[in-house]
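**Student:** Structure below; questions to follow.
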Amino acid sequence: MLSVFRSFAKGWMAFILLGLVSIPFIFWGMGQLVQTTVVTSYVAKVNGSKIMPNRLQQAYEQAFQQRQAQLGGQYNPTQAQQKQLKMQTLQKLIDTQLLLQQAEKDQLVASSADVRAQIEQIPAFQLNGHFDYQQYKIVLANNGLSVPQFENQVRGNLVLEQLQRGVANSAFPTPSEVAGIAALAQQQRKAAWFVLPIKEFKPAKQPSKEAVASYYKTHQSQYSIPETLTLAYLQLDKKTLEQRVKATPEELKDYYRTHQSQYGIPPARKVAEILIKPSSPVTAAVAAAKSRIEKLLKQVKQAKDSTKTFAELARKNSDDRISRRNGGSMGYVSRGQLPQKLDDALFNLPKAGDLAGPIRTARGWVILQLLDKRAGAVKPYAEVKDQVARDYKSDKAKSLYYKLDGQFANLTFENAGSLGAAAKALDLKIQTVSGVTKDHGTGIAASDQVRKVAFSDSVLKQRQNSNPIKLGKEDAVVLRISKATPSRIKPLADVRDDIVAALMRQQARDAAAKAASGALSALRTGTPIAAVAKDHGAKLQGPAMVKRSDSKLPPALSQSLFTLAPAVGSSPRYASVALADGSQAVFGLLGVQAGDAKHLPKLQQTAYMQDLGRIYAMEMTQSYLAWLHEKADIKIVKDNIQ
């Protein structure tokens, strides 16, 4: 069914509609998110907000990895294709920035409860199917993020989703439009057809030597072997350095004692809130919201059971749609999980039942009630000793990396003609990677930055060591050329069989197309299709009513049949189409039967409405982004895009 709509979906708007960043996949490729290089030049400026090169590189690498995951070994882009992907990635970052800026203008916010609910659904933070705060901290730390940093990312994504839903929900199909597209999807066509198999047109003899030589001369780019390098390199990285770190039981216990905050559950407060949002940002509306929440606070203070009353008032009045369902309860929160004003107010409340507020926040006016206090706790050493050992090694290796980092750069620079001195001094192994071209490489050469440096004048022509190249956080390489094989054209003798096969395939395709053209000429002069099929030794299929999804039709034939305009009146209309293997299908469109949208099952009608609604939403979102672009001040600095 979706094939009916596919032609309407444009560009990457489907990606936007489904969420610019999918929360469950935030950690996919996160190893590249943290860079140590300090960059001062921006690649783009969007209404004054800068997009820095490292942010573009992070997004590009994630996009690159997504393509690799989708296509596997088949994804081997040229430099031009990589540049195109990088510019597409930059455009997405610009669009994201525009949407975030508009969301801020529209005063869209995500509540702390929304943020927590989203985070707790992420499998990476769960143990035995349940959210675990300690696991949450460990995963973030391993990816170079703090709790506030990550929660800000999630908050931004949720705000974007609000904006996108608002735009998308303003576009919806009418019942008549759904009926029209359903009728089109359910349409049937009466057709007769036959196939002229490519194997029947195999040339009787091979092409001449002259034809092979001519093809070779005019298609040499197909048979060129690019310049290929073998690289020698030293890699200084934290993961390898961890193998050097040894620890006694006493050292691990000392580390545990001095880092106990990493292995505990922080103090927490169970809190309930009532949120009252102003109807608009004008002063009168803000004052009205404050007056309303003050009345609610007064009711709570005068109640015999303040906790029960608070919950009842929250259910009836709070504008926080998540906590409202739970009587205002937001569950347990730790320091830093709420906005600063709320955080300070909550953790200054001495006992359960105490109230704080009204407090003005970006969302509106808030009152809080402390429901319970939970003391922090540290897990026993025996329970976390494996994690302690990993953390100890990681910290020591990190310190060792930064201790050796300067020596690594100096030794490879001062001994620019060899990697030996640095390898000996730093106890590093000289490694190699071969088969490296400008557009392709494996291992460290899978990085386009590594390949770019390898083909630079100083490394390739002057045969010097490269400067250290950052592959990630605490991961750098210095490389040099071990061997360079110039580009060349494969000898004709090596590719002759391939050329002969290509020429014979083309001859067969041409012969099949010529036969199909002759068949069409006969049909258009009035010869019955059954007779034409017989003259060509082919088996006639049909006449029969067929649907778009009919499996007996080859895909190319189905597409051509259902895009062919019927002839005027009752006359048949004939055409031919090349199939995937080069065979030719000759067919006649004999009639069209409109689809019956009125008697479709309710479930199928709903599916059509949802599909058409998604397409309308894509178009609406695309138009909205175009409007944002028109009024935005955007500057792209191509010279800063590496």
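The values are calculated or read from the model by the stated rules, or taken from the named source; none is laboratory data. Please read all numbers here as calculations on a predicted model, not as lab measurements. No Cβ is skipped: glycine too gets one built from the backbone with ideal geometry, and neighbour counts run over all protein chains shown. All accessible areas refer to the heavy atoms of the entire protein, side chains included, with ligands and DNA or RNA removed. Shrake-Rupley method; radii C 1.70, N 1.55, O 1.52, S 1.80 Å.
**Student:** Tell me the label-point distance for the pair R244, R335, using the 7 Å Cα-to-Cβ offset, in nm and rounded to one decimal.
**Tutor:** The answer from the label model is 3.6 nm.
**Student:** Given K385/K470; K452/K635; K45/K137; K429/K452, which pairs have Cα atoms separated by over 30 Å?
**Tutor:** K385/K470; K45/K137
**Student:** In addition: Leaving ligands and nucleic acids out of the surface, order Y402, Y42 by accessible area at 1.4 Å, largest first. Can you show the working numbers first?
**Tutor:** Details: Y402 105, Y42 35 Å².
These residues rank, largest area first, as Y402, Y42.
**Student:** Full extension from Q302 to D581: what is 0.36 nm times the residue separation minus their Cα-Cα distance, to one decimal in nm? Don't skip to the end; give the middle numbers.
**Tutor:** On the way: separation 279, 0.36 × 279 = 100.44 nm, distance 8.25 nm.
Here the segment from Q302 to D581 would lengthen by 92.2 nm.
**Student:** Using alpha carbons only, how many angstrom separate the centre of the range 500-518 from the centre of the range 568-636?
**Tutor:** 32
**Student:** I want to check the label-to-label distance for T218 and S261. Put each point 7 Å from Cα in the C-beta direction and report it in nm to one decimal.
**Tutor:** Distance between the two pseudo-spin positions: 7.4 nm.
**Student:** Stretched out fully, how many nm does the piece from L492 to A556 gain, at 0.36 nm a residue minus the Cα gap? Walk me through the numbers before you get to the answer.
**Tutor:** Values: separation 64, 0.36 × 64 = 23.04 nm, distance 3.55 nm.
Length gained between L492 and A556: 19.5 nm.
**Student:** Which one of A594, N152, A501 has its Cα pushed farthest toward the positive end of the charge dipole of the chain, where Lys and Arg give +1 and Asp and Glu give -1 at the Cβ?
**Tutor:** It is A594.
**Student:** Sticking with this structure for a sec: So if R0 is 30 Å, what FRET efficiency would Q121 and A63 give, r being the distance between their Cβ atoms, rounded to the nearest 0.05?
**Tutor:** Efficiency for this residue pair is about 0.80.
**Student:** Now for a different question. Give me the angle, in degrees from 0 to 90, between the Cα long axis of helix 381-414 and the longest principal axis of the Cα atoms of the chain, rounded to the nearest 10.
**Tutor:** With rounding to tens, the tilt is 70 degrees.
**Student:** Right, next: Which of Q407, L426, Y392 sits farthest toward the positive end of the charge dipole of the range 392-439, with +1 on the Cβ of Lys and Arg and -1 on the Cβ of Asp and Glu?
**Tutor:** Positive-end residue among those listed: Y392.
**Student:** Over the heavy atoms of L553, what accessible area does a 1.4 Å probe trace out, to the nearest 10 Å²?
**Tutor:** Here the accessible area works out near 10 Å².
**Student:** Here is a follow-up. When the Cα atoms of the chain are enclosed in a convex hull and the volume is divided per residue, what value in Å³ results? The partial results should precede the final answer.
**Tutor:** On the way: hull volume 155.8 nm³, N = 642.
Each residue corresponds to 243 Å³ of Cα convex hull volume.
**Student:** Which aspartates and glutamates have a Cα lying under 17 Å from the Cα of K83, excluding residues fewer than 8 positions away in the same chain?
**Tutor:** Reachable aspartates and glutamates: E61, D439, D448, D639.
**Student:** Suppose only helical runs count, i.e. DSSP H with n ≥ 4. What mean residue ellipticity at 222 nm does that imply for the chain under -39500 (n - 2.57) per run, divided by all residues and rounded to the nearest 500 deg cm²/dmol? Intermediate values should be presented prior to the final figure.
**Tutor:** Numbers: 22 runs with 302 residues, N = 642.
That comes out to -15000 deg cm²/dmol.
**Student:** Determine which lysines satisfy two conditions relative to K514: a Cα distance under 28 Å, and not lying fewer than 8 residues away in the same chain.
**Tutor:** Straight-distance partners of K514: K190, K199, K202, K205, K209, K217, K534, K539, K552.
**Student:** How fast does the range 350-464 diffuse by Stokes-Einstein, in µm²/s, taking the Kirkwood radius from C-alpha pairs at 37 °C and 0.692 mPa s?
**Tutor:** Details: Rh = 20.5 Å.
The calculation lands on 160 µm²/s.
**Student:** Okay, next question. Along each of its three principal axes, how wide is the spread of alpha-carbon positions in the range 296-398, in whole angstrom units, largest first?
**Tutor:** Dimensions of the range 296-398 along the principal axes of its Cα atoms: 57, 29, 25 Å.
**Student:** Let me ask something else about it. Once fully extended, how much extra length lies between Q387 and M504, figured as 0.36 nm per residue of separation less the alpha-carbon to alpha-carbon distance? Can you show the working numbers first?
**Tutor:** Numbers: separation 117, 0.36 × 117 = 42.12 nm, distance 6.42 nm.
Taking 0.36 nm per residue and subtracting the Cα distance, the gain is 35.7 nm.
**Student:** Right, next: Tell me the label-point distance for the pair E104, S458, using the 7 Å Cα-to-Cβ offset, in nm and rounded to one decimal.
**Tutor:** The two pseudo-label positions are separated by 3.8 nm.
**Student:** For the range 312-443, give the magnitude of the charge dipole about the Cα centre (Cβ charges: +1 Lys/Arg, -1 Asp/Glu; no others), in debye to the nearest 20. Walk me through the numbers on the way to the answer.
**Tutor:** Values: 22 positive and 15 negative charges, 82 e Å.
In debye, rounded to 20, the range 312-443 gives about 400.
**Student:** State to the nearest 20 debye the size of the charge dipole of the chain about its Cα centre, where the only charges are +1 on K and R beta carbons and -1 on D and E beta carbons. The partial results should precede the final answer.
**Tutor:** Working: 86 positive and 53 negative charges, 100 e Å.
So the magnitude is around 480 debye.
**Student:** Another question about this same structure. Which value, in debye to the nearest 20, gives the size of the charge dipole of the range 80-133 about its Cα centre, when Lys and Arg are +1 and Asp and Glu are -1 at the Cβ?
**Tutor:** Values: 5 positive and 6 negative charges, 78 e Å.
Approximately 380 debye in magnitude.
**Student:** Continuing with this model, one more query. Angle, helix 133-142 long axis vs. longest principal axis of the chain, Cα atoms, 0 to 90°, nearest 10?
**Tutor:** Tilt of helix 133-142: around 60 degrees.
**Student:** Sorted by accessible area with a 1.4 angstrom probe, largest first, how do V568, V286, V195 fall?
**Tutor:** Values: V568 140, V286 15, V195 50 Å².
Per-residue accessible area, sorted high to low, gives V568, V195, V286.
**Student:** How compact and how long is the range 503-552, expressed as Rg and Dmax of its alpha-carbon atoms in Å?
**Tutor:** Here Rg and the maximum Cα pair distance are 13.6, 39 Å.
**Student:** Round to the nearest 10 and give me the degree value, 0 to 90, for the angle of helix 602-630's Cα axis relative to the longest principal axis of the chain.
**Tutor:** Between helix and principal axis, roughly 80 degrees.
**Student:** Hey, another quick one. Percent of Cα-Cα pairs more than 24 Å apart in the range 404-508, please. Numbers along the way, then the final one.
**Tutor:** Details: 2091 of 5460 pairs.
Result for the distance tail: 38 percent.
**Student:** Here's something else I'd like to know. What Rg and what Dmax come out for the range 183-308 when only alpha-carbon atoms are used, in angstroms?
**Tutor:** Rg and Dmax of the range 183-308, Cα atoms, are 39.9, 103 Å.
**Student:** By its C-alpha gyration tensor, with a ≥ b ≥ c as the square roots of the eigenvalues, how is the range 49-165 shaped: rounded for a/c under 1.5, else prolate for a/b larger than b/c, else oblate?
**Tutor:** On the way: a/c = 2.23, a/b = 1.29, b/c = 1.72.
It is oblate, given that a/c is not under 1.5 and a/b is not larger than b/c.
**Student:** While we're here: Where a Cα-Cα gap under 23 Å defines reach, which lysines qualify for K277, not counting those fewer than 8 residues away within the same chain?
**Tutor:** Excluding near neighbours in sequence, the set is K105, K290, K295, K298, K301, K308, K316, K341.
**Student:** Loop-only check: which trypsin sites (Lys or Arg not before Pro) in the range 337-395 are DSSP coil with at most 12 other Cβ within 10 angstrom? Don't jump to the answer; show the numbers that get you there.
**Tutor:** Working: sites: K341, K351, R360, R363, K373, R374, K385, R390, K393; in loops: K351, R363.
Passing both the DSSP loop test and the Cβ count: K351.
**Student:** Let me ask something additional. Which three extents, in angstrom, do the Cα atoms of the range 496-642 have along their principal axes, listed largest first?
**Tutor:** 66, 59, 28
**Student:** Report the chymotrypsin sites (Phe, Trp or Tyr not before Pro) located in the range 56-127 that are in a DSSP loop and have at most 15 other Cβ atoms inside 10 Å of their Cβ, or state none. Can you show the working numbers first?
**Tutor:** On the way: sites: Y60, F64, Y75, F125; in loops: Y75.
Here the sparse-neighbourhood loop sites are Y75.
**Student:** Same structure, new question: If you plug each phi of the range 287-294 into the Karplus form 6.51 cos²θ - 1.76 cosθ + 1.60 with θ = phi - 60°, what whole-Hz ³J(HN,Hα) values come out, in order, with x for Gly and Pro?
**Tutor:** Running phi through 6.51 cos²θ - 1.76 cosθ + 1.60 with θ = phi - 60° gives 5, 5, 5, 5, 4, 5, 6, 5 Hz.
**Student:** Just flag the GluC sites (Glu not before Pro) in the range 199-306 sitting in loop per DSSP whose Cβ has no more than 16 other Cβ atoms within 10 Å.
**Tutor:** Details: sites: E200, E210, E227, E242, E250, E251, E273, E294; in loops: E227.
Counting only loop positions with at most 16 other Cβ atoms within 10 Å, the GluC sites (Glu not before Pro) in the range 199-306 are E227.
**Student:** Still on this structure: Please list, in chain and number order, the residues 5+ apart from I265 or on another chain whose amide H is under 5 Å from its amide H, with Hs placed from the backbone.
**Tutor:** A377, V378, K379
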